[in-house]
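The values are calculated or read from the model by the stated rules, or taken from the named source; none is laboratory data. As the structure is a computational prediction, the values presented were derived from the model and not from experiment. In this analysis, Cβ positions are derived from the backbone assuming ideal geometry, glycine residues included, and neighbour counts consider all displayed protein chains. These accessible areas exclude ligands, DNA and RNA; they are computed on the full protein's heavy atoms, side chains included. Shrake-Rupley method; radii C 1.70, N 1.55, O 1.52, S 1.80 Å.
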Amino acid sequence: MRTDSYPGTLPAREHLPAAWAGTPVLDVVVPVFNEEKDLRPCVRRLHEHLTRTFPYAFRITIADNASTDGTPLVAADLARRIEEVRSVRLERKGRGRALRTVWSASDAPVLAYMDVDLSTDLNALLPLVAPLISGHSDLAVGSRLSRGSRVVRGARREFISRGYNLILRGSLQARFSDAQCGFKAIRRDVAQVLLPLVEDGGWFFDTELLVLAERAGLRIHEVPVDWVDDPDSTVHIVRTAMEDLKGVWRVGRALATGALPLDRLARPFGDDPRDRDLADVPRGLARQLVGFCAVGAVSTVCYLLLYSAFRAVTGPQPANGLALLVSAVANTAANRRLTFRVRGRGGMVRHQAQGLVVLAIGLALTSGSLAALNMASSDPAHSTELAVLVAANLAATVLRFLLFRAWVFPDRSPARAADTVSRTGGTPSRATSVRGATAPAPGPSTPAPGPSAATRRSATSAVPASPITPPPGQAASWTTSEAGPAPRAPRTPQPDTPVTPPPPPAPARPQLPDRPARQPDHDPRTTR
């Protein structure tokens, strides 16, 4: 998995301004491969629907995946005839590769894609992107398997789709219902952070993007859709299924080993300022208690089994020490990963060393209980020994959780660190540590995330320049609330307060050259 470069922590979501000047709000990508027959009616139908129903400016991007028929000519002709359409040519196949290339270079704040066959009813497009425009969600997916969906397709595809999603739920703990529906949208700031982490360039691209977003705590909105199967689909089901299973194994292994820096991608806790001003509130306490109890129950069973095995060949004290040592190492590792969500190998040795100190306290309690039992009875029964050990372990468990939470795995989230700084009146001297990783402390001066230099260079070289270019000074951050057709009046400067000059007014839209008159298309294809 790619872990070398990513922009950083995401800011709070904001509603896009009602008057958005110079740049399309929505960029709909249509990836195609040898689709010269269906491309023209698809794009014209999509353009007509957006013109009639979508209240913002939009763009349709045709991403040609190295087609060998007349698809590039059809795409170029559509881009020449329709102002809101552009065409991008890629020399390598792969739907994920096409989406990564176009989305990385797009200047629209909301990015979407749909299959060229338009199997999904276009009435679901506005409900798909509305939560992203409003700032409510980070990604949106069309679902053919949720309640309210109406689907027309064969039993074979139905079985494969449901079986694949069951595999995702069982192996990657995915909670979204449909990973393969070709009808998705994402906010651009989220795409800039997630795309460098997505490795697949084919059909597994969607699943990997959704799994990483869900594990990072981003909000995914699902829209029930009406969907009609395309009988002429060129997707190779068996080969695609094998590639998807390989991708599931790769992503599952990366998540299990903590190779992905997903902790840095989480949104702030709520966009309401009242949520950010909460002080001394132990967040995640209930979840940590449940995880700690689950790990502790399994560890106790393993400890008793190990004690019984060691007790058959040695005395009670050595058997207790060995069983407690083995179970404590496993317990610390499991709580580190599952209960306190610490990923990566940073600090692993220190955590195990601190866990051994906690082990010494538990060993003192259990050994003292066994010693007291032997003093009370010269030959206690094995069941009595086990009962005493269970009681002693319950007492040690409470102390172990408190030590784990306050000492071994303390809460070092940016919100908690900023809270501490505000109470003490100090100034943080370095970047805030997030679960063993370093991330810049959030604040009003933190710049909005952007793609790395290497990502921008590769995306710029791979995608031709768009016929619609953003005005100067507009591409810095589309999430700022001051973006719009007219700048705000400068405020009176306050003492010791830096004054930022207002942004320059957006220039007029460039005049496009005259085109030849549009030619009518007589396509017999009708809406399904």
Which order do peptides 335-346, 376-387 fall in by mean Cβ count within 10 Å, highest first?
-> 335-346, 376-387
Roughly how many whole Å is it from the C-alpha centroid of region 312-349 to that of region 42-102?
-> 56 Å
Nitroxide proxy distance, nm - points 7 Å out along Cα→Cβ at residue 219 and residue 395 = 4.8 nm
Obtain the nm distance between the two label points defined at residue 77 and residue 371 by a simple spin-label model: each point lies 7 Å from its Cα along the Cα-to-C-beta direction.
-> 9.2 nm
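If I take R0 = 22 Å and measure r between the Cβ atoms of residue 158 and residue 123 in this structure, what FRET efficiency does the formula 1/(1 + (r/R0)^6) give, to the nearest 0.05?
0.45
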Inter-label distance for residue 326 and residue 301, nm, one decimal - labels placed 7 Å from Cα along Cα-to-Cβ | 1.6 nm
Carbon and sulfur %, accessible surface of region 94-138 computed with the full protein complex present, 1.4 Å = 55 percent
Potential lengthening between residue 228 and residue 68 on full extension [0.36 nm per residue; Cα-Cα distance subtracted] = 54.9 nm
